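Q: Next up is a structure, given as structure tokens.
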Amino acid sequence: MNLYATQLECLLVILGLGTLLTDAFRPGGDRRKLGYLLATLVTITLLYSFTLAPTADTFFHGMYRLDSFALFFKRLFLLATAFVLLMGAEFVERFETGVAEFYALVLLAATGMLVIASVNDFILLFVALELVTITFYILTAFLRRQVQSLEAGTKYLILGALSSGFTVYGIAYIFGTTGTTNFDKLATLLSAGGSGSAFLLGMLLVLTGLGFKVASVPFQIWAPDVYQGAPTPVTAFLAVGSKAAGFALLLRVMLAGLLPVSAVWMPVLLVLAAATLGYGNLGAISQRNIKRLLGYSSIGHAGYMLMGLAAGNALGSQAVLFYLGQYAFTNLCAFLVIIAVGREEIADYAGLGKRSPILGAALFLAMASLAGIPPLSGFFGKFQLFAAVIEAAQTNWHYYILAGIGAGAVVVSLYYYFNVGRAIYIEEAKDTTPIPVSLPVRAGLYVCMLAMIGLGIYQQPLVEAATLAAGIFGLK
């Protein structure tokens, strides 16, 4: 049964090791075709994951779960990995060496994310988290001859190590005061009144470490610099995969293990959500680099999702899962366009709608969905989150303030998102040369655009999946 529960992780490890062996025995192979092949194989793994059934059993002495929540995130991570491998194949000419190693590191990071989706114990949480973050340290600095990439990798390493320290200290306090690191046993103990000041300190330290992973205030300072300096496929993986992994952990830890002390952490998350919304959206206004803008945007969207978690109700957890699902397609679409264009300054996107209609339309739709314009998926995602906050406000008026801050953030975001749209369709291009778009990128863009429009008009499949996944927490 342990093998059944971990077969997706095993498949990715085999793919990663196979990639390294292939490069060792065929060093002159076509690196772009290898990327396309790996993306195809991961897509097949994604389709295969729909044959797996969730189970209420735990594995590895209660440390690992294969429930509907875990399967939801595993599928999301496989989707992101397939797109990132496609982006890596398109980006291959900008790597001097180590292309196969890049693909292998992406697959190993994805393996860590799949484990994160199933964690049910703080020990496994820390191991999986380090597998993901250590590979990201290397991937962020992969363009080692570029100062920006090295600077981004160094900042991410230093701040990531600091956040890991907070996390492990918090786990030590929790274990020292309760005698367990298992989420189920922890919830039982806390329900019986087993918390104290030392435990609460440990909980806040763990929350600090996880706050770094999702780039929430005050742990967000790394995001814009790392997003700008990292290779674009890595930035996309950070924006979609790493952020989803952080929220998977937050949801699992807070709602499965620490729900009995929600009266302590919910006000903290409420304040963090409000501060994160303000910082991310105000910071994005002055940005002229599109990757840096998406870095600040990522902080702002972490604030929206923290709203749902802070609400502490069933609708809030469902809304966070739906938001992560549609947010993945939106961000992946934007980063596919950035890789195809090959430029990062927003001014370089002037006239993109004329130079390449598909790239212009895809980027405009991505910006509109991020802004929450109907009938795109981003609108319905924000609608659900605000509905969860308003529901929570019926018993706590402070949530009305949070909803007001969120509404203000939406208004502010319209400016900088449509600033990109203005460049695409209104400003004249200095270079009118058409931009070629490869068939795989074109296919990826069509999938993302179809998802953004389709999930905005017909949300039922993703809503049902999110409801089923969030149902494991038993919230009302």
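Q: If you scan the stretch 293-337, which residues turn out to be in contact with an Asp or Glu (Cβ under 8 Å, 6 or more places away or on another chain) and surrounded by fewer than 24 Cβ atoms within 10 Å (Cβ to Cβ)?
A: Asn313, Leu315
Q: I'd like to know if the stretch 164-171 contains one or more residues that are farther than 25 Å from Tyr296 by Cα and of a type in the set (A, V, I, L, M, F, W, C).
A: There is at least one residue in the stretch 164-171 that is farther than 25 Å from Tyr296 by Cα and of a type in the set (A, V, I, L, M, F, W, C).
Q: Of everything in the stretch 423-468, what is in contact with a Ser or Thr (Cβ under 7 Å, 6 or more places away or on another chain) and more than 21 Å from Leu370 (Cα to Cα)? Give them in sequence order.
A: Pro434, Ile435, Val437, Leu468
Q: Of the conditions (1) part of a helix (DSSP H, G or I); (2) within 25 Å of the chain's Cα centre (by Cα); (3) without any contact (Cβ under 8 Å) to a residue 40 or more places away in the chain, Leu3 satisfies every one except a single condition; which number is it?
A: Every condition holds for Leu3 apart from (2).
Q: Show the residue pairs meeting these rules: Cβ distance below 9 Å; 6+ apart or different chains; first residue within the stretch 24-35 and within 13 Å of Gly98 (Cα to Cα) and in the same structural domain as Ala89 (by TED's automatic domain parsing); second residue part of a loop (DSSP other than H, G, I, E, B) and modelled with pLDDT under 80.
A: As it stands, the answer is Arg31/Phe95, since those pairs meet every condition given.
Q: Scan Ala239, Ala263, Ala328 and give me the residue that is without any contact (Cβ under 8 Å) to a residue 40 or more places away in the chain and assigned to a helix (DSSP H, G or I).
A: Values: Ala239 fails: without any contact (Cβ under 8 Å) to a residue 40 or more places away in the chain; Ala328 fails: without any contact (Cβ under 8 Å) to a residue 40 or more places away in the chain.
One residue alone meets the criteria, Ala263.
Q: A follow-up question, please. Going through the stretch 417-438 one residue at a time, which ones are out of contact with any Phe, Trp or Tyr (no Cβ under 8 Å at 6 or more places or on another chain) and either in a helix (DSSP H, G or I) or within 17 Å of Tyr304 (Cα to Cα) (or both)? Explain how you work it out, then say what you get.
A: Pass one, the stretch 417-438, residues out of contact with any Phe, Trp or Tyr (no Cβ under 8 Å at 6 or more places or on another chain): 417-419, 422, 426-438.
Passing the criteria: Tyr417, Phe418, Asn419, Arg422.
Q: Does any residue in the stretch 410-435 that is assigned by TED's automatic domain parsing to the domain that holds Phe379 and over 13 Å from Ala361 (Cα atoms) come within less than 6 Å, Cβ to Cβ, of a residue that is among the aliphatic types (A, V, I, L, M) and not in a helix (DSSP H, G or I) six or more places away or on a different chain, and which pairs are these?
A: Tyr416/Ile285; Glu427/Ala350; Ala429/Ala350
Q: Could you please give the count of residues in the stretch 364-407 that are of a type in the set (Phe, Trp, Tyr), over 23 Å from the mean Cα position of the chain (by Cα) and part of a helix (DSSP H, G or I)? Full working, then the answer.
A: From the stretch 364-407, those of a type in the set (Phe, Trp, Tyr) are 364, 379-380, 383, 386, 397, 399-400; that's our starting set.
Imposing the further condition that a residue be over 23 Å from the mean Cα position of the chain (by Cα) reduces the set to 397, 399-400.
Subsequent filtering for residues that are part of a helix (DSSP H, G or I) retains 399-400.
Looking only at that region, the number is 2.
Residues checked against (1) farther than 24 Å from Gly325 by Cα; (2) crowded, with 22+ Cβ neighbours inside 10 Å:
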position	(1), (2)
Phe73	no, yes
Gly88	no, yes
Phe95	yes, no
Gly98	yes, no
Asp121	yes, yes
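The values are calculated or read from the model by the stated rules, or taken from the named source; none is laboratory data. What you are looking at is a predicted structure, and each value in this text was computed from that prediction instead of being measured. Neighbour counts are summed over all protein chains in view; Cβ atoms, including those assigned to glycine, are modelled from backbone coordinates with ideal geometry.
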